[in-house]
Every structure is written in C-alpha cells, then in structure tokens.
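The values are calculated or read from the model by the stated rules, or taken from the named source; none is laboratory data. The structure presented is a predicted model; accordingly, all values stated were derived computationally and were not measured. Ideal geometry is used to build each Cβ from the backbone, glycine not excepted, and the neighbour counts take in all protein chains shown. In case anyone asks, the SASA skips ligands and DNA or RNA and just uses the protein heavy atoms, side chains included. Shrake-Rupley method; radii C 1.70, N 1.55, O 1.52, S 1.80 Å.
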Amino acid sequence: CAVKAAQVLSEIAKNEEMKKPCIEADLVVTLIPLLESKDPEMLLHAGRAIGRICYDNRDLQEELVKVGVITSLVRILTDYAESEPLIHVDLLALCNLADLDIAKEALSKTKVAEQLVKQLRRAENHERLEIVFEVLQALSENDTLKVQLVEAGVQEVLSEILLRLQGSSQAEDTCIVKAASDLIVSLLLGVLEFSICIINFCYRVYLSLTCLVLPPPSDGNCVRMVQLGVIHQLLDLLEKHVESGDVSVQRAALCALRNLAIPVVNKVQILEESVAERIQALLRSEMPPVQFKLLGTLRMLADGKADAAEILGQDPMLLNRLVQWCDANDHSGVRGEANRLLASILRHNRSQEVVKAIREAQGVKHLVSMTTSEHAAMQNEALNALAIASAIDLETLEESFKESQLVQSLYKLLQDDNTSPEVKYNSMGLLCRLLNSGDLRQEIEEEKIEETLKELCSHSNTNVAQAAGTTLQVLRGEA
C-alpha cells in the first residue's frame, strides 16, 4: 500500500491548510527513505508529496538537504533520464532547493552539472527549458558548480539554442533567449580562467540577442566583466579571428565590446588599458559587417567621454579611414556609422587639436552633408557637433564651411516645412556661432536668412520661435 499512500499524501499536500498537519505528523521524515526506491511510481508520488509539503518552507528544505535528499535527486536524474513525469518532479525539487547555499555545496559534490546539461540538450518544450534554466541560473552563482557546468559543455548547448531561435518573434522564444543570455553573463562572471571557453562558444551567437532587440547586460554586470579582464580576452579572440577571416565571431565580439563600453566607469578603464588602440588595429578589415560593428564600438567608447574623443580624434589613421568610409556608397550602414562616429568625436571633445585634425582629414564636408540626412537624429548629431567645433575654433573651420556651403544647407533646413522643430532649433544654434565670422556673416546676409527667421518667430513650436527671435537679435547685432 506504500505507493497508494504516497499518492494520497501528494494529493493532500496540494491543500495549503494540510501542510502543517503533515509536518506535525512527521510525514516528511517518513517519506524521505522512499526516495531510495527502485519503483518509478513510488519515486514520483513520494517526490511530489515531499515537494508540496516543503514548498516555501526554508527550514524544512534545509533539513532535507542535511539528511541527504540531494544525492537521491541526482540519482533519479541519472537513472530515470527518459521518464518525463519523474524528471519534471525532480527538476522542480532542485529548483526549490538550488537557492540554498547548503544545497549548492552538496550539489557540487555530485555530477548534477553533467545531468542538467543532458536535460537542457534534450528539452523539447518551453516549460522544460525554463525549469532547467532556472536551476542552472541558481547553480551558476557557485564558482565550483560554474566550472563543472563549463566542463560539462553547457556553453555548446546554449549556442545551439540561441542559433536555433535566432530571428524568432514568438514571445516564448524571446523569453528562452533572454534566459540563455542571462545565464551566459552569469557564467562569464567570477571564474575568469573559464570565461574564454564560454566566449568562444557564446559570443559567436551574441548577434542573436541583438537581432531580437534584447537589452545588453546590466551596467553592474558589464562593470564587473571589465574588472575581471574579459575585454582583453575578447580582443585576443577578435584578433585571432581577424587573421582567420571568421566574420561572425568578429561581429559578435565587437557587439559585446560595444555593450561593455556603455557604463562611463568602463570607458575610463578601457582607456587606461589602451584598449582603444587595440580596437583601432582592426581598421584594416575590408568586411562591411565588421566595419559597421567596429564603428559602433568606437562611437560608444567616445560617447560622453572627452578623453576618449580626444584620443580617437587625434589618430590620423583612424580619421583617414573614417573619411573613406563616409564615402562608402556601396554600404549605407557603414557610411552612416562613420559619419556618426565623426560627429561623436567632435561633440564630446574640447580640443582645438581634434578640430584641426578633422579639418585636415577632410572630414568637415561629410558632417555638413550629414546635416541634410533623411534621419533627424543624424541631422541633430551633425548640427551639435559643428556648433561645438565652431565654439572651440571657428577660425580653423571657416574655409571648410564656405567650401562645403554650410550656410546654404542651414538656409534650406530653416525654410523646409518638413524639417523637424529640433533640427530647426539646432540649425539656429549653429547659425549664431557662424555669425562670429565676418565672411560667414556676409554669406548669411546674402542668403536673406533674416526673412526666414522672422517667419519662424511665429512658429507653433515655442523653442523654435524663441530661438528664431534670439538669432535675429544676434544677426542685427542687438545681442
């Protein structure tokens, strides 16, 4: 009758009010030895009963671990790997216990990592994948178990899952990819000697995450990863695959580097370790996908950090390559990113040397052209960059502005009804800077921009109307 009795108890324990009487009757102590049974049905019902009685009861769960339940659970996972109902109950039990430090310690002395990787590989539905991921996420907080998971090949299975679900728009698939990416980050943290092993497999599929528009790892994780030295391991991997020509790895590693460069504190450390110079060594790449990711990485590095912008802005090789890519008519993405990086360097720097270097590299004409882009965000980036550069050293830029017909471009933007209010506003901000030059002021007056400014004083957007009034005053010498 033991099997039937265990089944009855598992049903009784579903009721929240019956849990306490079960505990008081010492039923948990009675059920635990049944986990050594060779009868799958007995294991199923006894496991369900114990799990339901002990659910959300930390004291009882710790007692279970102390009396050796972990060994029984891993044995069931090993001996009955093909029994779906039994494995389901077993995984739920591990899920409930895995948060306990005492359970992690006990599990580290078993072959649970190997068995969980096998279950992850054979999981055929989202529910099973989610349970296994939850257990793995908890176990990855323990350094010993983390090493065991890597040695069991968890990174290979994660790569297979991410590649299989790449491009899927189903909500369930997105949740799985998110869980897999979180696990990758957890595995990268803490055990540095194994991180390169994971990078080789998992950053190859990092593009899967970006294709699904998932957010990058949190700032805290990114900071810790840089502190652990992952940046240099990524660069070693990247340089190795530049030689072999593996574009997918290069793109994925650059994407990871870009996300790691987001936190400001990381930008400082990356600069101090001369990472910018190592990244620039990739400028020789002739592969547009790699060029695109490289430009995005450098732009993220320069974003919001004057030191980085000044280092990048005084590198002749980089600037010359950027100007070449600004003319990349056969790849609009590379062309756009090159222009945005050029603008970012000017926007975030405060050095006359950078302004002169960009002028000498013939970069000014591309920024002027960028003001008429079909994307308002790029227009504003260019306008702000040129305004800041004009405030730093207008005299150096004066001739380049005349040659590239900047004043005429601004006039068209102000006149065009389709120009966004923010672009009009920033155009007038730049215009005010240009009025400090005698030659450019003459061009502005010849274009009869004053009439357009008068019309904009009654613009429906308050900021545009106020900016027009201010610009008129500067033009008339009243302010």
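Please indicate, with yes or no, whether at least one residue in the range 336-343 is open to solvent by less than 20 Å² (accessible area, probe 1.4 Å), more than 27 Å from Pro421 (Cβ to Cβ) and without any contact (Cβ under 8 Å) to a residue 60 or more places away in the chain.
Among the residues of the range 336-343, at least one is open to solvent by less than 20 Å² (accessible area, probe 1.4 Å), more than 27 Å from Pro421 (Cβ to Cβ) and without any contact (Cβ under 8 Å) to a residue 60 or more places away in the chain, which makes the answer yes.
I'm trying to understand the selection: among the residues of the range 300-329, which are surrounded by fewer than 24 Cβ atoms within 10 Å (Cβ to Cβ), within 18 Å of the chain's Cα centre (by Cα) and part of a helix (DSSP H, G or I)?
Once the filter is applied, which keeps residues that are surrounded by fewer than 24 Cβ atoms within 10 Å (Cβ to Cβ), within 18 Å of the chain's Cα centre (by Cα) and part of a helix (DSSP H, G or I), the range 300-329 yields only Met300.
Does the range 356-369 hold any residues that are among the aliphatic types (A, V, I, L, M) and surrounded by fewer than 24 Cβ atoms within 10 Å (Cβ to Cβ), and which are they?
Across the range 356-369, the qualifying residues are Ala357, Ala361, Val368.
Residues to consider are Ile12, Ile23; find the one that is surrounded by fewer than 20 Cβ atoms within 10 Å (Cβ to Cβ) and either touching a residue at least 40 places away in the same chain (Cβ under 8 Å) or touching a Pro at 6+ places or on another chain (Cβ under 9 Å) (or both).
The conditions single out Ile12.
Do you know which residues across the range 260-281 are buried (at least 21 other Cβ atoms within 10 Å of the Cβ) and assigned to a helix (DSSP H, G or I)?
Within the range 260-281, Leu260, Asn266, Lys267, Ile270, Val275, Ala276, Ile279 qualify.
Give the range 457-479 a look and list any residue that's without any contact (Cβ under 8 Å) to a residue 40 or more places away in the chain and outside any helix (DSSP H, G or I), or say none.
Cys457, Ser458, His459, Ser460, Arg476, Gly477, Glu478, Ala479
Consider Leu60 carefully, then state whether it is in a helix (DSSP H, G or I) and surrounded by 17 or more Cβ atoms within 10 Å (Cβ to Cβ).
no
Taking the range 63-103 on its own, how many of its residues are within 37 Å of the chain's Cα centre (by Cα), aliphatic (A, V, I, L, M) and in a loop (DSSP other than H, G, I, E, B)?
Of the residues in the range 63-103, 3 are within 37 Å of the chain's Cα centre (by Cα), aliphatic (A, V, I, L, M) and in a loop (DSSP other than H, G, I, E, B).
Which numbered condition in (1) under 27 Å from the mean Cα position of the chain (by Cα); (2) surrounded by fewer than 19 Cβ atoms within 10 Å (Cβ to Cβ) is the only one that Gln148 fails?
The one condition Gln148 does not meet is (2).
Which residue out of Gln415, Gln442, Gln408 is open to solvent by 20 Å² or more (accessible area, probe 1.4 Å) and more than 41 Å from the chain's Cα centre (by Cα)?
One residue alone meets the criteria, Gln442.
Quick check: is even one residue across the range 161-181 open to solvent by 10 Å² or more (accessible area, probe 1.4 Å), within 18 Å of Leu116 (Cβ to Cβ) and over 17 Å from the mean Cα position of the chain (by Cα)?
Checked the range 161-181: no residue is open to solvent by 10 Å² or more (accessible area, probe 1.4 Å), within 18 Å of Leu116 (Cβ to Cβ) and over 17 Å from the mean Cα position of the chain (by Cα).
Search the range 324-372 for residues being small (Gly, Ala, Ser) and touching a Gly at 6+ places or on another chain (Cβ under 8 Å), and hand back the single one that is nearest to Lys293 (Cα to Cα).
Only one residue fits best here, namely Ala357.
Going by what's in this entry, would Ser72 be described as touching a helix residue (DSSP H, G or I) at 6+ places or on another chain (Cβ under 9 Å), more than 19 Å from Arg121 (Cβ to Cβ), hydroxyl-bearing (Ser, Thr, Tyr) and crowded, with 20+ Cβ neighbours inside 10 Å?
For Ser72, the condition - touching a helix residue (DSSP H, G or I) at 6+ places or on another chain (Cβ under 9 Å), more than 19 Å from Arg121 (Cβ to Cβ), hydroxyl-bearing (Ser, Thr, Tyr) and crowded, with 20+ Cβ neighbours inside 10 Å - is met.
So which pairs qualify, if the first residue must be in the range 95-117 and more than 8 Å from Ile70 (Cβ to Cβ), the second must be among the aromatic types (Phe, Trp, Tyr) and surrounded by fewer than 20 Cβ atoms within 10 Å (Cβ to Cβ), the Cβ gap must be under 8 Å, and the two must be at least 6 apart or on different chains?
Asn96/Tyr55
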